[in-house]
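Below is one structure; the comments refer to it alone.
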Amino acid sequence: IRPNAVTPAGGACGVAGAVLLGAATTPRRALAGGLLLALAYCLDCADGQLARATGSATAAGGWLDVTVDAVVTSFVAVSVSIALLSNGVGPTGSLLAAAVFGVRSDGGGLRLDGRLKVLRKIFLAFVDTPFIYGVLTVTRFSPVGLLAVVLLFTVLSAVQVAVSARAHFAPV
C-alpha cells in the first residue's frame with residue numbers, strides 16, 4: 001500500500017465521519033461517525049510513518065497530508081456547527097463557536113522542563129484529536145454538554161496559541 005493511497009482513504013473516512021456525526025439523529029449514528037473519525041486519525045498517523053519506513057516520503061505527499069487534514073478539520077468544524085444548531089444553539093453562536101473551534105495549534109514545539117513539561121504532556125493529551133473526537137461523539141445529543149465541550153476546547157486552543165506566540169515572539 002502506498003502512503004499516497006492511505007492519505008485520501010483517511011480523508012474520506014474523516015469527511016464521512018464528520019458528516020455522520022453532524023447529521024446524526026441517533027446515538028448509534030453519532031457513534032458510527034466517531035468511529036470513522038477515529039479510523040481517519042489512525043490512517044492520518046499511518047501514512048507518514050509508512051512513507052518514512054519505505055523511503056517514499058515526498059514533498060507532494062506532505063502537501064497531500066496537510067491538505068487532507070485541513071479538509072477533515074473543516075468538515076469537523078461544520079459538523080460541530082450543525083450539531084450545535086440541532087441542539088438549539090442559535091445560528092450565529094453555532095457558526096462562531098464552530099469556526100473558532102476549528103482553529104487549532106500544535107503547541108509550537110515549546111521546550112519545557114520539569115513540571116511544566118509534564119503539564120504540557122497532560123494538556124496535549126487532553127486536546128489531542130482522538131480525545132476531542134471521542135468527547136464530541138459522547139456529547140453530541142447533549143445541548144449543554146456539546147456547547148460546553150466546544151467552548152472548553154476553544155478556550156484551551158486559544159491558551160495554547162497564546163503561550164506558543166509568547167514563546168516564539170519573546171525578546172531573545
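Details
- Of the residues Tyr41, Tyr133, ranked by 1.4 Å probe accessible area with the largest first, the sequence reads Tyr41, Tyr133.
- Counting only protein chain heavy atoms and rolling a 1.4 Å probe, the accessible areas of Val100, Val76 rank, largest first, as Val100, Val76.
- Probe 1.4 Å - accessible area at Asp128, Å² to nearest ten: 60
- The overall shape of the chain, judged from the alpha-carbon gyration tensor, is oblate: a/c is not under 1.5, and a/b is no greater than b/c.
- Using the 1.4 Å probe convention, the accessible area of the chain works out to 58 Å² per residue with neighbouring protein chains retained.
- Remark: the Ala70-Leu152 segment gains 27.4 nm on full extension, using 0.36 nm per residue and subtracting the alpha carbon distance.
- Average Cα contact separation per residue, the chain, under 8 Å, 6 or more apart, as relative contact order %: 25
- Carbon/sulfur fraction of accessible area - the stretch 43-172, other protein chains in place, 1.4 Å, %: 71
- Accessible-area value, Ile132, 1.4 Å probe, nucleic acids and ligands omitted, Å²: 0
The values are calculated or read from the model by the stated rules, or taken from the named source; none is laboratory data. Bear in mind that the values here come from a model prediction, so they are computed numbers and not experimental data. Accessible surface is based on the protein model in full, side chains and every heavy atom, while ligands, DNA and RNA are left aside. Shrake-Rupley method; radii C 1.70, N 1.55, O 1.52, S 1.80 Å.
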